[in-house]
Amino acid sequence: MMGTPSGRIRQTILNWLKDPAAHFPAGRCHGDPAETGVTARAVAAKLGVPRRTAAAHLDFLSALGLLHTRRIRWRTHYRRDEIRIAEVARMFEKGW
């Protein structure tokens, strides 16, 4: 999962979402990205890919439980789930 080229993109996204204020400017309407999360559009702009591509990566990470989602109006905002990420990291440290 994380060893493929798209896995590197997902790792990059997770790293950016660790400190979203440093990587994504505050939105015009919805405040601090650390609190509300980051949209697929913002991730797509930073990656230089179409929004649908970024949304697919974000949806995959959400399906794994690594990201929380929150709907604000018509957009989905994504934030890291630090507890789940720590659980997954412990599983890899133990060797499954």
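Details
- Three-way shape call for the range 30-72 based on the alpha-carbon gyration tensor, with the a/c threshold at 1.5: oblate
- Here the Gaussian network model covers the chain, with springs between Cα atoms less than 10 Å apart; of GLY37, GLY65, GLY48, GLY48 fluctuates the most.
- Percent of C-alpha pairs per 10 Å bin, the chain, short to long: 16, 51, 26, 6, 0
- Within the chain, longest stretch clear of exposed trypsin sites (Lys or Arg not before Pro) (DSSP loop, no more than 15 other Cβ within 10 Å): 29-72
- Rounded FRET efficiency, nearest 0.05, which uses the C-beta distance separating ALA21 from ASP59 and R0 of 30 Å: 0.85
- FRET efficiency for GLU35 and ARG90, using Cβ-Cβ distance with R0 set to 30 Å, rounded to 0.05: 0.65
- Based on DSSP H segments of at least four residues, each scored -39500 (n - 2.57), the chain has a per-residue ellipticity at 222 nm of -16500 deg cm²/dmol.
- Neighbour net charge for ALA55 - beta-carbon separation under 11 angstrom, K R +1, D E -1: +3
We did not get these values from a lab; they are worked out from the coordinates using the rules stated. Since we're looking at a predicted model, the values are computed, not measured. Please note: Cβ atoms are built from the backbone with ideal geometry, for glycine as well, and neighbour counts cover all protein chains shown.
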